[in-house]
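First up is the structure itself, then whatever we jot down about it.
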Ligand code: HGY
Ligand code: MN
Ligand code: MN
């Protein structure tokens with residue numbers, strides 16, 4: 001297990017700001033996180049809070065109520081991003097800090113939710129400190145340069161509505177709001193209708209960001225294996241996601257001669273195997289590939305399927321490997337079309353590159369971890385996060401805490417309480433420095449720049 005922060009029981013909230021939170025702060029965080037984890041809880045003690053479902057609405061109500069309790073006002077933008085704001089400096093932009101409350105089906109409790117709960121608590125601590133330094137409980141004598149907004153990004157997971165990271169993609173201008181609002185789930189319900197139904201379709205563009213911070217579980221093993229409490233994310237792996245349709249022809253499973261069949265499910269099955277073979281082609285686990293979703297038509301017991309839709313996902317930290325994998329995929333698809341007597345349409349649905357986070361943000365986070373006495377090291381993120389969008393528009397710090405056994409997108413996902421609380425201390429300090437403008441002018445990573453440790 002990893003080292004936990006030493007937590008003195010008597011630190012006052014407004015004392016030296018590089019101190020860890022008090023025992024009371026940690027207990028309050030764990031209490032609130034447990035109440036969040038009960039929302040949409042599954043029989044296997046995970047959660048199911050897919051975007052804009054009643055369980056997501058309940059989690060959003062939890063957010064709004066806690067934010068009000070902690071002195072923040074809330075607002076929702078045109079794509080359902082939910083912000084809790086505190087304004088110390090009227091008219092100044094905001095440091096945004098948050099993650100996402102939506103989940104995969106039968107998911108773990110920590111993915112996204114940990115980061116939102118941690119952000120609310122970091123915000124509460126900073127608001128308390130500011131109030132305790134203010135004679136009238138209002139603006140502190142030396143107000144932070146920037147205001148603070150805790151954010152629950154809408155639909156990070158992308159499981160009900162594709163693509164993932166939808167809320168932050170709209171916020172950062174990478175995806176037009178109208179396109180996102182028109183996306184439908186498998187039942188034909190649009191994002192617009194689903195958000196309206198739960199009462200969370202807002203308006204406007206949300207607060208203007210000066211900087212962004214996010215904390216998340218690692219969803220891998222590297223930190224646990226190295227005994228590290230805080231991961232400083234310096235770059236992301238590339239991801240390439242494709243929606244694929246395999247076209248065959250509907251037929252009787254009993255009576256149709258094998259040679260006459262155009263079995264779409266046979267073609268789809270070969271594609272699933274091809275993806276794995278492509279990953280295995282490269283030694284050293286440098287490429288991750290998967291098919292995560294299959295939709296079979298008409299999906300009836302005595303019918304050879306006419307059509308299968310599936311979603312493919314390729315990830316790597318090496319552009320050359322990605323290019324080779326794409327070439328192998330193209331050749332493999334052509335072979336499957338011939339062998340399985342089907343035709344296959346492939347469309348890239350979502351992708352991001354191997355991009356660095358601002359090195360100045362990584363350095364700032366390393367200083368904060370050192371001040372707090374927390375072990376830390378630079379790590380990649382293999383998963384997507386809203387910070388991948390935010391880092392392209394404002395200076396961004398992305399932090400990880402360890403995931404036990406690296407388990408994620410699984411009800412058994414777990415981070416121990418000491419690590420979770422150390423992460424809140426760390427996030428609080430980072431956000432405090434961002435609010436003071438300590439990352440002002442940090443250069444956005446150059447498009448196509450190769451982060452350290454990648455090719
Ligand atoms: O990694 C993903 O694709 C998801 O957005 N977290
Ligand atoms: Mn997540
Ligand atoms: Mn996830």
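The values are calculated or read from the model by the stated rules, or taken from the named source; none is laboratory data. Everything quoted here is computed from the prediction, not taken from an experiment. Don't worry about glycine lacking a Cβ; one is built from the backbone with ideal geometry, like all the others, and counts go over all protein chains shown.
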> Can you tell me how many residues in the stretch 202-224 are in contact with a strand residue (DSSP E or B) (Cβ under 7 Å, 6 or more places away or on another chain), in a loop (DSSP other than H, G, I, E, B) and either within 16 Å of ligand 2 (Cβ to nearest atom) or not assigned by TED's automatic domain parsing to the domain that holds residue 426 (or both)?
Replying inline: 1
> Of the residues that make up the stretch 135-142, is at least one in contact with a strand residue (DSSP E or B) (Cβ under 7 Å, 6 or more places away or on another chain) and either at pLDDT 95 or above or surrounded by fewer than 20 Cβ atoms within 10 Å (Cβ to Cβ) (or both)?
Replying inline: no
>> With the requirement that a residue be surrounded by fewer than 24 Cβ atoms within 10 Å (Cβ to Cβ) and touching a helix residue (DSSP H, G or I) at 6+ places or on another chain (Cβ under 8 Å), what does the stretch 235-247 give you?
In response: 238, 240, 244, 247
> Do we have residue 191 as without any contact (Cβ under 8 Å) to a residue 24 or more places away in the chain and surrounded by 15 or more Cβ atoms within 10 Å (Cβ to Cβ) here?
Replying inline: no
>> Checking the conditions here, which among 332, 373 is assigned by TED's automatic domain parsing to the domain that holds residue 104, more than 16 Å from ligand 2 (Cβ to nearest atom) and surrounded by fewer than 20 Cβ atoms within 10 Å (Cβ to Cβ)?
In response: 373
> Tally time: how many residues in the stretch 58-82 are within 19 Å of residue 120 (Cα to Cα) and crowded, with 20+ Cβ neighbours inside 10 Å?
Replying inline: 12
> Applying the selection to the stretch 207-230, what residues are away from ligand 3 (no atom under 16 Å from the Cβ), buried (at least 24 other Cβ atoms within 10 Å of the Cβ) and under 26 Å from residue 101 (Cβ atoms)?
Replying inline: 211, 212, 213, 223, 229, 230
>> For the structure I just gave you, tell me whether residue 358 is touching a strand residue (DSSP E or B) at 6+ places or on another chain (Cβ under 8 Å) and assigned by TED's automatic domain parsing to the domain that holds residue 388.
In response: yes
>> Every residue in the stretch 175-233 that is on the phi > 0 side of the Ramachandran plot and within 16 Å of ligand 1 (Cβ to nearest atom), please.
In response: 219
> Where in the stretch 154-201 are the helices (runs of 4 or more DSSP H), entirely inside, with at least 1 residues that are within 16 Å of ligand 2 (Cβ to nearest atom)?
Replying inline: 166-171
> Restricting to the stretch 83-117, what's the tally of residues that are within 16 Å of ligand 3 (Cβ to nearest atom) and either buried (at least 24 other Cβ atoms within 10 Å of the Cβ) or not assigned by TED's automatic domain parsing to the domain that holds residue 385 (or both)?
Replying inline: 17
